[in-house]
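To start, the structure itself, in structure tokens.
The values are calculated or read from the model by the stated rules, or taken from the named source; none is laboratory data. What you are looking at is a predicted structure, and each value in this text was computed from that prediction instead of being measured. Heads up, the Cβs are rebuilt from the backbone with ideal geometry, glycines too, and the neighbour counts pull from every protein chain shown.
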Amino acid sequence: MTIFRQTRPKKIFMGKLKHGEDLLKELTSICQLHDIQLGSVSAIGAVQKARIGYYDQTSRKYEYIEIDEPMEITSLIGNISLKENSPFAHAHITLSDKQGRAYGGHLAEGCIVFACEFIIQIFEGEPFERGFDDQTGLPLWDI
Ligand code: ZN
């Protein structure tokens, strides 16, 4: 069954990340610093190198792909909720190389910012808390 709640935008942060920072760590730290418990995140820009995850549904473990070359962030989209009572950003990213080939996956630590423009939308309402989901083995929203 599809489960959802209605919400509405409350505030928007728009900015750029610092060159050389870890993309996921920086987004997470903005959320933690400003106590953003419910929202969405999007970004474009470029990375110096990348590390993205793929969730193996059989082994129920993330496998990681490391790409050690500069690439464009053609799209980063994600959401912000709570995991273990702390603001948590879950994002997926699509990157493109010099030939325009695309790579994509779960945004993991290890994507190093070359330049990155982000928008974080903060939503009103009760935060979504993540809890262990038996069916998938993932920390999904417990709503
Ligand atoms: Zn994911």
Determine, yes or no, whether Ile3 is closer than 25 Å to Pro139 by Cβ, over 13 Å from the mean Cα position of the chain (by Cα) and surrounded by 12 or more Cβ atoms within 10 Å (Cβ to Cβ).
no
Among the residues of segment 84-94, which ones are more than 12 Å from the ligand (Cβ to nearest atom) and either loosely packed, with under 10 Cβ neighbours inside 10 Å or touching a residue at least 40 places away in the same chain (Cβ under 8 Å) (or both)?
Glu84, Asn85, Ser86, Pro87
Residue selected from segment 50-72 under the condition away from the ligand (no atom under 16 Å from the Cβ) and touching a residue at least 40 places away in the same chain (Cβ under 8 Å), by the criterion surrounded by the most Cβ atoms within 10 Å (Cβ to Cβ):
Pro70
Within segment 28-67, track down each residue that is touching a Leu at 6+ places or on another chain (Cβ under 8 Å), among the hydroxyl-bearing types (Ser, Thr, Tyr) and not in a strand (DSSP E or B).
none
Answer yes if at least one residue in segment 102-117 is more than 16 Å from the ligand (Cβ to nearest atom), under 29 Å from Arg8 (Cβ atoms), at pLDDT 95 or above and not aromatic (Phe, Trp, Tyr), and no otherwise.
yes
Which ones in segment 95-143 are assigned to a loop (DSSP other than H, G, I, E, B), under 22 Å from Ser40 (Cβ atoms) and in contact (Cβ under 8 Å) with a residue 40 or more places away in the chain?
Ala108, Glu109, Cys111, Glu124, Gly125, Glu126, Pro127, Phe128, Thr136, Leu138, Ile143
